[in-house]
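Report on one structure; see the data block that follows.
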Amino acid sequence: MNFEELGLSAPILDAIKDCGYDTPTPIQEKAIPHILMSRDVVGLAQTGTGKTAGFTLPMIEILAGGRAKARMPRSLILSPTRELAAQIAENFDTYGKNSKLTKALLVGGSSMAEQIKILDRGADVLIATPGRLIDLFERGKILLNDIKILVIDEADRMLDMGFIPDIEKICSHLPPIRQTLLFSATMAPEIKKLTEKFLSNPREVAVSPPASTAVTVQQFRVNVSPKGKNAILEKIIKQEKVKTAFIFCNRKRDVDALSKWLQGRGHDARPLHGDMAQVSRTKTLEEFKAGKIPLLVCSDVAARGIDVASVSHVFNYDVPGAPDDYVHRVGRTGRAGETGRAWMLVTKYDDKQLNAVIKRIGKEIEIVDMGGERSVSTSKGDTGSRERSKPQSNPKPSASKPPHSAQKTPNVPKKKSSHTHDNKNESADSAGFGDDVPAFFK
Ligand code: AMP
């Protein structure tokens, strides 16, 4: 199938062509016809599948064919994080460049006065995080009476971040007759409830996680003592040919402390977490995306949804508390058919989380001995049997193993290097696979 067959018109097709997209991805193929027919849609898809274009392209088509009442917004896209909202806005500009549609990006951490000015000029599409939208609405700065299309993106993340009450509140201010599109990587019971409450007879479309995301990711873990983490991390960084890496910490204070420590050791590392001022978050992100910063020390939330081409490594400085976060983190590398390597530091206190991660991905993670001590026996229960193999002495496990071949499956968006608005992946996400472990983890 090609984009013409999906029923999109010439200006949009031209914009798609300029992006270098040849064919629609499966989520686009499945969702776009329903959306163009004004149906409500539940899309089970994670970032990396092309879902942003999957809802943005038909939205532009629909809006471009209609007219705004007194320049009131006609479409609302809700995103869990500022960064993801900014990426959606970039995508909107790219795909809608041949239309006259306007947008307002309404996220926390940026000037409210500026956003109000943009709203006053009139915006067809609002792209917002829930908190800022409610704030502006309650100040009487936004009229939601003419919203015809609502998109709830990354609903599972909204749930994790406690945004469901906000979404409910926002929905209560929208016209009941509207089109609602909800995208989520998983269908947790709370999300199911949300769809039952706010969507009307939705069509469900689902796609598997992008196989190339992690077919090409080699995953390793290293036993360390809590105090030895920094030194071992640095050892791995030096040993590996790190071009660009995400280093994930579970706590914001560790993000700051670790990036300072790495800087003190002469590494070009920068922190990224939600407590930083939005201007520095944006600047750091832009520099990282442009390849100017090799090491980004970050928290899960700040890095959520960030699309960066060519990340060679992901480091889990901490074992993530939620196994899905491991999948999200690791999914940042090995994308678009490139190879990537993911390392995780594991202390004796992490057994429970490590077990959960291993269960989640359905396979062991190769242990590499980097000389770090793990001062406790691991002979208890599951963990013990899992770790019965002694840490291997080969510090470069990959050297002895050919990397997995980069399987370019047709259902994975291929990135064009000239294309700057790449949007991104989170992961090979997330839960809900049950026994059906995604192929890329096998
Ligand atoms: P998303 O899942 O929306 O975050 O998109 C993932 C990436 O795929 C983004 O970098 C998009 O620019 C890219 N993309 C979206 N649709 C296509 C397509 N049909 N062909 C190639 N790349 C695409």
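Failed condition for I60, given (1) out of contact with any helix residue (DSSP H, G or I) (no Cβ under 8 Å at 6 or more places or on another chain); (2) more than 30 Å from M276 (Cα to Cα); (3) buried (at least 24 other Cβ atoms within 10 Å of the Cβ), with all others met?
Tallying (1) out of contact with any helix residue (DSSP H, G or I) (no Cβ under 8 Å at 6 or more places or on another chain); (2) more than 30 Å from M276 (Cα to Cα); (3) buried (at least 24 other Cβ atoms within 10 Å of the Cβ), I60 fails exactly one: (1).
Out of D153, D166, report the one residue that is in contact (Cβ under 8 Å) with a residue 40 or more places away in the chain, buried (at least 17 other Cβ atoms within 10 Å of the Cβ) and under 22 Å from F55 (Cβ atoms).
Details: D166 fails: in contact (Cβ under 8 Å) with a residue 40 or more places away in the chain.
Every option except D153 fails the conditions.
Are any of the residues in the stretch 108-128 within 16 Å of the ligand (Cβ to nearest atom), open to solvent by 10 Å² or more (accessible area, probe 1.4 Å) and in contact (Cβ under 8 Å) with a residue 60 or more places away in the chain?
Checked the stretch 108-128: no residue is within 16 Å of the ligand (Cβ to nearest atom), open to solvent by 10 Å² or more (accessible area, probe 1.4 Å) and in contact (Cβ under 8 Å) with a residue 60 or more places away in the chain.
Where in the stretch 1-85 are there helices (runs of 4 or more DSSP H), lying fully within it, with 1 or more residues that are under 20 Å from L105 (Cα atoms)? Outline the logic, then answer.
Values: elements: 10-19, 26-36, 51-64.
Here the list reads 51-64.
Could you go through the stretch 269-279 and let me know if any residue there is farther than 30 Å from M112 by Cβ, in the same structural domain as V346 (by TED's automatic domain parsing) and open to solvent by 10 Å² or more (accessible area, probe 1.4 Å).
As a first pass, look at the stretch 269-279 and keep what is farther than 30 Å from M112 by Cβ: 269.
Next, from what is left, pick out any that are in the same structural domain as V346 (by TED's automatic domain parsing): 269.
Subset that is open to solvent by 10 Å² or more (accessible area, probe 1.4 Å): none.
Within the stretch 269-279, none of the residues are farther than 30 Å from M112 by Cβ, in the same structural domain as V346 (by TED's automatic domain parsing) and open to solvent by 10 Å² or more (accessible area, probe 1.4 Å).
Name the one entry in G43, G48, G20, G54 that is assigned by TED's automatic domain parsing to the domain that holds L143 and either more than 14 Å from the ligand (Cβ to nearest atom) or under 16 Å from I127 (Cβ atoms) (or both). Step through it out loud before you land on a result.
On the way: G43 fails: either more than 14 Å from the ligand (Cβ to nearest atom) or under 16 Å from I127 (Cβ atoms) (or both); G48 fails: either more than 14 Å from the ligand (Cβ to nearest atom) or under 16 Å from I127 (Cβ atoms) (or both); G20 fails: either more than 14 Å from the ligand (Cβ to nearest atom) or under 16 Å from I127 (Cβ atoms) (or both).
Result of the check over G43, G48, G20, G54: G54.
Scan the stretch 281-294 and tell me whether some residue there is outside any strand (DSSP E or B), acidic (D, E) and modelled with pLDDT of 95 or more. Let's see the steps before the verdict.
Start the filter on the stretch 281-294 by keeping residues that are outside any strand (DSSP E or B), which leaves 281-294.
From the residues that got through so far, the ones that are acidic (D, E) too are 286-287.
Keeping just the survivors that are modelled with pLDDT of 95 or more gives none.
Within the stretch 281-294, none of the residues are outside any strand (DSSP E or B), acidic (D, E) and modelled with pLDDT of 95 or more.
Any residue in the stretch 77-86 that is touching a Ser or Thr at 6+ places or on another chain (Cβ under 7 Å) and within 12 Å of the ligand (Cβ to nearest atom)?
yes
Within the stretch 104-150, can you find the residues that are closer than 23 Å to P165 by Cα, assigned to a helix (DSSP H, G or I) and not charged (D, E, K, R)?
Listed by number, the residues that qualify are M112, P130, G131, L133, I134, L136, F137.
List every residue pair whose Cβ atoms lie under 6 Å apart, where the two residues are 6 or more positions apart in sequence or sit on different chains, the first residue falls within the stretch 27-52 and is open to solvent by less than 20 Å² (accessible area, probe 1.4 Å) and among the charged types (D, E, K, R), and the second residue, located anywhere, is assigned to a loop (DSSP other than H, G, I, E, B) and within 13 Å of the ligand (Cβ to nearest atom).
K51/A45
What residue, among those in the stretch 64-107 that are of a type in the set (D, E, K, R) and closer than 19 Å to A155 by Cα, is least open to solvent (accessible area, probe 1.4 Å)?
Taking the stretch 64-107 and keeping what is of a type in the set (D, E, K, R), we get 67, 69, 71, 74, 82-83, 90, 93, 97, 100, 103.
Going one step further and asking which of them are closer than 19 Å to A155 by Cα, we end up with 82-83.
Numbers: R82: 61, E83: 10 Å².
For the stretch 64-107, the residue satisfying everything is E83.
The values are calculated or read from the model by the stated rules, or taken from the named source; none is laboratory data. Here the structure is a predicted model, which means the values were calculated and not measured. Cβ atoms come from the backbone with ideal geometry, glycine included; neighbour counts cover every protein chain shown. We work out accessible area using only protein heavy atoms, side chains counted, and drop any ligands, DNA or RNA first. Shrake-Rupley method; radii C 1.70, N 1.55, O 1.52, S 1.80 Å.
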